[in-house]
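The values are calculated or read from the model by the stated rules, or taken from the named source; none is laboratory data. Worth saying up front: this structure is predicted, and the values here are computed from it rather than measured. Methodologically, a virtual Cβ is constructed for each residue, glycine included, from the backbone with ideal geometry; neighbour enumeration extends over all protein chains shown.
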2 protein chains.
Amino acid sequence: MKKRTIDPEQKMVWVVSSARSLFVARGYHNVSIPQIVKESGVSTGAIYSYFANKAELARYIHEQTLLDFQERFEARLDGCMSTFEKLRVFAELVFEIVETDPEQMEYMMFMKHGEFLLEAYPICSTRPFRKIQAIVAEGIEKGELRQGDYLLSAVSYTGVILRAAELRLQGVLQEPLAKSADELIANAWAAIKV
Amino acid sequence: MKKRTIDPEQKMVWVVSSARSLFVARGYHNVSIPQIVKESGVSTGAIYSYFANKAELARYIHEQTLLDFQERFEARLDGCMSTFEKLRVFAELVFEIVETDPEQMEYMMFMKHGEFLLEAYPICSTRPFRKIQAIVAEGIEKGELRQGDYLLSAVSYTGVILRAAELRLQGVLQEPLAKSADELIANAWAAIKV
DNA sequence: GTCTATAGCCCGATAGAC
DNA sequence: GTCTATCGGGCTATAGAC
């Protein structure tokens, strides 16, 4: 039994979770280390012992967030046969996260535009993104989707889904996405189906 | 003839144009007033005589940018009869701006998430946004669009168009949007047509 | 109205005790 | 490993000459 001190990993979890909330709520640059210290109850020194600097903390959160999405997406793809099913699984996961953990979704959607990532953000090379492209390309080949540029079709499908997610996060769509899911998925599918 | 001094309005134009470039390139918080001074050739004092502070400068640019879009959109709507035409005009305007003045498009799309606007951003009450909703609602009534929630249909159409714009701005789509416009507009239309 | 120079502030990061 | 106290830097905004 450890009695003396708190598990460092637990502290790191607190830091990450506090920082994520604050970043999403106020934006990366409007959050100071002292604020994270206050919110997480972990001291400056400890934070800097886990992360080299503030940007790396944000980057770590970003990475974890994307990784989680990726894993859940790929897990759900197992057993999906048709292109329709595979794309529906993507949409449903997005909608589910928006409702159950909007912070995660917001981090993925809004924290990507150069706030702390200095390099041009290679969103195109993100795993889930490439996976969607592959699914669409295969769907076109198999004749389940309309002929055309597979990139444009991928953009069209995800555009419908992600914009719905965005507007739901902003409060423009007032119903939970679960209620609108069927209609949205039908729309997205109609945009590219044969 | 004014010979002596430079027209203050001209200076303000320089400031606004330099600031817009810098904000888009580096993000609001990564741009300092001294940088704007250097880039625009207008002094700190002069800048603060036009704008109360940095946030207001950004807000002014945002307002002008949206206003310009709105005016051009409404001008082009004149003479459009069918729902298809009206929506196409929106898409074409978006695509045109992305190619001719990507900075403007980027400012509209990416500068809206709480960087300097402290209040929750009322994107839903933006004029062009409401206009699109009205067009879609009317289209459904007239039977030109599938039955369903008009908000979801508006989201679906604009989702396809705006995500294409976003990915083009990020360099993921390498062809000029003019080349892909027909296909994208067809996809967006297919998502909601009857 | 416009300039330069700088006040005053707050932040990120560190040093040094424990 | 972790804490508190603090430093140096860079920022926004202003004061005061012109």
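Can you tell me which residue among A:Val24, A:Val89, A:Val15, A:Val42 is more than 16 Å from DNA strand C (Cβ to nearest atom), buried (at least 19 other Cβ atoms within 10 Å of the Cβ) and β-branched (Val, Ile, Thr)?
A:Val89 is the lone residue from the list that is more than 16 Å from DNA strand C (Cβ to nearest atom), buried (at least 19 other Cβ atoms within 10 Å of the Cβ) and β-branched (Val, Ile, Thr).
(1) among the hydrophobic types (A, V, I, L, M, F, W, C); (2) in the same structural domain as A:Ile135 (by TED's automatic domain parsing); (3) within 12 Å of DNA strand D (Cβ to nearest atom): which one isn't true of A:Val37, the others all being true?
Failing condition for A:Val37: (2).
Which condition number in (1) assigned by TED's automatic domain parsing to the domain that holds B:Glu144; (2) in contact (Cβ under 8 Å) with a residue 24 or more places away in the chain is the one that B:Cys80 fails?
(2)
Quick check on this structure: which one of B:Ala165, B:Ala186 is modelled with pLDDT of 95 or more and surrounded by 20 or more Cβ atoms within 10 Å (Cβ to Cβ)?
Selected residue: B:Ala165, the only one of B:Ala165, B:Ala186 that is modelled with pLDDT of 95 or more and surrounded by 20 or more Cβ atoms within 10 Å (Cβ to Cβ).
Do we have any residue at all in segment B:92-103 that's within 14 Å of another protein chain (Cβ to nearest Cβ), within 13 Å of DNA strand D (Cβ to nearest atom) and of a type in the set (A, V, I, L, M)?
The answer is no; no qualifying residue exists.
Which residue pairs have Cβ atoms under 6 Å apart, sit 6 or more places apart or on different chains, and have a first residue in segment A:127-144 that is under 11 Å from A:Phe84 (Cα atoms) and a second that is assigned to a helix (DSSP H, G or I) and not acidic (Asp, Glu)?
A:Ile135/A:Lys86; A:Val136/A:Tyr150; A:Val136/A:Ser153; A:Val136/A:Ala154; A:Gly139/A:Thr83; A:Glu144/A:Thr83
Looking only at segment B:153-194, which residues are among the charged types (D, E, K, R), more than 18 Å from A:Leu173 (Cβ to Cβ) and in contact with a helix residue (DSSP H, G or I) (Cβ under 7 Å, 6 or more places away or on another chain)?
B:Glu166, B:Arg168, B:Glu183
Can you say whether A:Val31 is within 14 Å of chain B (Cβ to nearest Cβ), surrounded by 14 or more Cβ atoms within 10 Å (Cβ to Cβ) and among the hydrophobic types (A, V, I, L, M, F, W, C), as far as the supplied structure shows?
It is true that A:Val31 is within 14 Å of chain B (Cβ to nearest Cβ), surrounded by 14 or more Cβ atoms within 10 Å (Cβ to Cβ) and among the hydrophobic types (A, V, I, L, M, F, W, C).
Output the number of the condition that A:Glu63 fails; it satisfies all remaining conditions of (1) surrounded by 12 or more Cβ atoms within 10 Å (Cβ to Cβ); (2) acidic (Asp, Glu); (3) away from DNA strand D (no atom under 16 Å from the Cβ).
(1)
Could you give me the residue pairs with C-beta distances under 7 Å whose first residue belongs to segment B:182-194 and is closer than 10 Å to B:Gly139 by Cβ and facing another protein chain (nearest Cβ under 7 Å), whose second residue is assigned to a loop (DSSP other than H, G, I, E, B) and of a type in the set (Lys, Arg) wherever it lies, and which are 6+ apart or on separate chains?
B:Ile192/B:Arg146
Hey, does segment A:59-76 have a residue that's within 16 Å of DNA strand C (Cβ to nearest atom), in a helix (DSSP H, G or I) and out of contact with any helix residue (DSSP H, G or I) (no Cβ under 8 Å at 6 or more places or on another chain)?
Checked against the condition, which is being within 16 Å of DNA strand C (Cβ to nearest atom), in a helix (DSSP H, G or I) and out of contact with any helix residue (DSSP H, G or I) (no Cβ under 8 Å at 6 or more places or on another chain), segment A:59-76 yields at least one hit.
Identify, by number, the condition in (1) part of a loop (DSSP other than H, G, I, E, B); (2) among the basic types (Lys, Arg); (3) modelled with pLDDT of 90 or more that B:Lys112 doesn't meet.
Every condition holds for B:Lys112 apart from (3).
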